[in-house]
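The values are calculated or read from the model by the stated rules, or taken from the named source; none is laboratory data. What you are looking at is a predicted structure, and each value in this text was computed from that prediction instead of being measured. Note that each Cβ is placed from the backbone with ideal geometry, even for glycine, and that neighbours are counted across all protein chains shown.
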Amino acid sequence: MLSKSSSKTNSARTDGNLQSEGVRVSGIGVSAGIVIGEALHVGHDGSNVEEIVLAPEEVDDEVARFQEALKASEEQLEEVRARAAEVLGEKDARIFDAHLMLVADQVLIEEVIETIRNERRNAEFVFNQVIERYGQALKQVDDTYIRDRLADIRDVADRVIRNLKGEKAVDLTRLDAPKIVIARDLSPSDTASMDRENVIGFVTALGSRTSHTAIMARSMNIPAVVGIMDALDQIRNGDELILDGLKGVVIIRPDDETRQSYKERIKSQIEWLKKIETEATLPTETTDGFRVQLAANIELPEEVESIRSSYGVGIGLFRTEYLFINQTELPNEEQQLAAYRKVVEDIYPESTIIRTLDIGGDKFISNLRVPSDLNPFLGMRAIRFCLSRPDIFMIQLRAILRASTHGKVRILFPMISTIEEVQQALDYLQQARAELDAEGIHYNRHMDVGIMIEVPAAALLADQLAPYVDFFSLGTNDLIQYALAADRANPDIAYLYQPSHPSIIRLIKDVVHAAYAHGKWVSICGEMAGEPLLVPLVLGLGIHELSMGAVSIGLIKRLIRRMAMHEAEHLVEKALDCGTAAEVRKLCEDFVQRVAPDLFPG
Ligand code: PEP
Ligand code: MG
């Protein structure tokens, strides 16, 4: 089922009240499904530290409270360090020495105590302010290593503040009961390591449909609402919540009637999903006989099993950055080979497109020193990072080449904006081949090589880029953000992030035209491919290979089996005459409503 109007609000709304159905807040629904469960707040949100004015006689106690929190933090860190030494070894445990030094930093401690005394404010507030000031100062330093210490400082500061507030750190990898996780934001590493059985939903203040938290939620099939902004403060730990990940609604402390009506909806949702499953293995073919190739995007090798058994499709995008997250050391060639090989073998005879590392933007890896850019999405990201770190890139290229003998593998370079980048990437690939040849190691000499078209410059230059590669994969998540200059992870400007914007349709049209003119194939792996309203446009534009989060496959197949290609082409003709995203969206809504009315909830 899809929402008829998924137009995003640019700020979350709160309506309803406690007397009727509870408090209803809206954000951006990014992973469909309804769940009812208990809220669990994780992570400390620096913006949520209360300022309290102290009476003069309270000051000494406040200083003592601060010192106790420091001591508790130190003890906890000692414990974490000891555990890390046991599990990871002494070398990796040393990173906690830096954390321990911070809680014992006398200059910092004195400054906080003095401010508590002089300004008579509570310890959390003063400590947070001092830390923020340190952070600002460090940001100016022209030294990557020092700037990278910012994350450590924030980490330690969060621990001290949690101790001051009497809160415990939540270990998301192990929960003892089902919970809906509430956070200001969740890092890719938080989401990747979550206890999948007990995390039944997420709600975050930040994020958007194509932020990585959202993509992970979909790939883990966990209902999620992001971008609820300040409304997050209304949710208390332990509150009962209803989360509707399709409509982007969270109801806090619902009354009996509301709870009951949502329970009914959950039941009909399950029945509807069953109905979709009955078509899961039928061919993906339009009513006028066009075959469409569907594939799945994956973040983790473990996802492959259920994709093969439920849908029997290939992997159109394997985002390898998740192998690099949550590791104390970068994965070596053998570890990468094992991960790629597992996917490639498990999905065989279908193929796997392995994308080289795409870190940066909103995907950070704590143990890799990526320069902290002022504007991360425009900075050292993806292929730019790999070309600047051939040591890391070559290991991945060798591992992918070696995996190519275990099934059908294609390689994909992300974030290409110039021909020089493609040439350099191909040179490294050639170098990796030569090394393997010299070592007598086998690989597939005919592995297809593709580039992602996700930067407008590449889209406009597609005819020049085509001769260098075998295929293009359209990364619309980034293409949209770069074309419209609208950060894909920022809920404030989510209204401007418009997949149906006529400029996007024109860009895609030119890319498809350039690919076919050079006899190359083109697929799409951005979230647009799994968005039912936009799929008729995508097909009408001539793209017949769509890769999406696995949860969308059943729905998209159902839609494609009900539409005709010639009608989709006609839709594109009309869309190309439109001036606004809203007009295009309306055309698409009418189209889908007509051919597959059951995709809309009543
Ligand atoms: C995209 O940009 O559309 C894409 C598929 O890549 P990612 O979301 O990983 O940036
Ligand atoms: Mg991208």
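For first residues located in the range 219-247 and closer than 12 Å to Gly207 by Cβ, partners that are among the hydroxyl-bearing types (Ser, Thr, Tyr) and part of a strand (DSSP E or B) and lie 6+ apart or on another chain with Cβ distances below 6 Å form the pairs Ala224/Ser31; Val226/Thr204.
Restricted to the range 189-209, and to residues there that are within 19 Å of Ile252 (Cβ to Cβ) and in a loop (DSSP other than H, G, I, E, B), the residue that is modelled with the lowest pLDDT is Gly207. Taking the condition of being crowded, with 19+ Cβ neighbours inside 10 Å and not hydrophobic (A, V, I, L, M, F, W, C), how many residues in the range 429-442 meet it? The number of residues fulfilling the criteria is 0.
Given the condition farther than 11 Å from Thr476 by Cβ, surrounded by fewer than 23 Cβ atoms within 10 Å (Cβ to Cβ) and in the same structural domain as Pro301 (by TED's automatic domain parsing), answer yes or no: does some residue in the range 543-550 qualify? Yes, the conditions are met somewhere in the range 543-550.
In the range 281-293, the condition of being in contact (Cβ under 8 Å) with a residue 40 or more places away in the chain, part of a helix (DSSP H, G or I) and either buried (at least 17 other Cβ atoms within 10 Å of the Cβ) or away from ligand 1 (no atom under 16 Å from the Cβ) (or both) is met by no residue. Looking only at residues of the range 370-413 that are modelled with pLDDT under 95, closer than 23 Å to Asp487 by Cα and charged (D, E, K, R), we find that the one that is nearest to ligand 1 (Cβ to nearest atom) is Arg381.
Kindly check whether there is at least one residue in the range 214-224 that is of a type in the set (Gly, Ala, Ser) and assigned to a strand (DSSP E or B).
From the range 214-224, those of a type in the set (Gly, Ala, Ser) are 214, 217, 219, 224; that's our starting set.
Add one more test, that the residue is assigned to a strand (DSSP E or B), and what stays is 224.
Among the residues of the range 214-224, at least one is of a type in the set (Gly, Ala, Ser) and assigned to a strand (DSSP E or B), which makes the answer yes.
Only one of the numbered conditions (1) surrounded by 22 or more Cβ atoms within 10 Å (Cβ to Cβ); (2) under 19 Å from Val455 (Cα atoms); (3) modelled with pLDDT of 95 or more is not met by Ala483, and that is (1). Condition check for Ile347 on (1) buried (at least 18 other Cβ atoms within 10 Å of the Cβ); (2) away from ligand 2 (no atom under 16 Å from the Cβ); (3) over 18 Å from Ser523 (Cβ atoms): one failure, at (3). The set of residues from the range 139-167 being part of a loop (DSSP other than H, G, I, E, B) and either modelled with pLDDT of 70 or more or in contact with a helix residue (DSSP H, G or I) (Cβ under 7 Å, 6 or more places away or on another chain) (or both) comprises Val141, Lys165, Gly166, Glu167. Count of the range 302-319 residues, restricted to those that are surrounded by fewer than 23 Cβ atoms within 10 Å (Cβ to Cβ) and touching a Ser or Thr at 6+ places or on another chain (Cβ under 7 Å), is 2. Leu484 meets each of the listed conditions (1) touching a residue at least 24 places away in the same chain (Cβ under 8 Å); (2) in contact with a Ser or Thr (Cβ under 8 Å, 6 or more places away or on another chain); (3) away from ligand 2 (no atom under 14 Å from the Cβ) apart from (1).
Just to be sure, is Ile180 buried (at least 19 other Cβ atoms within 10 Å of the Cβ), at pLDDT 85 or above, closer than 26 Å to Val226 by Cβ and not assigned by TED's automatic domain parsing to the domain that holds Val199?
Details: buried (at least 19 other Cβ atoms within 10 Å of the Cβ): yes; at pLDDT 85 or above: yes; closer than 26 Å to Val226 by Cβ: yes; not assigned by TED's automatic domain parsing to the domain that holds Val199: no.
So Ile180 does not fit the description; no.
Evaluated against (1) at pLDDT below 95; (2) over 17 Å from the mean Cα position of the chain (by Cα), Val511 falls short on exactly one condition, (1). The strands (runs of 3 or more DSSP E) found wholly in the range 1-65 and carrying at least 1 residues that are farther than 14 Å from Ile242 by Cβ and either of a type in the set (Ser, Thr, Tyr) or modelled with pLDDT of 80 or more (or both) occupy 13-15, 28-31, 34-41.
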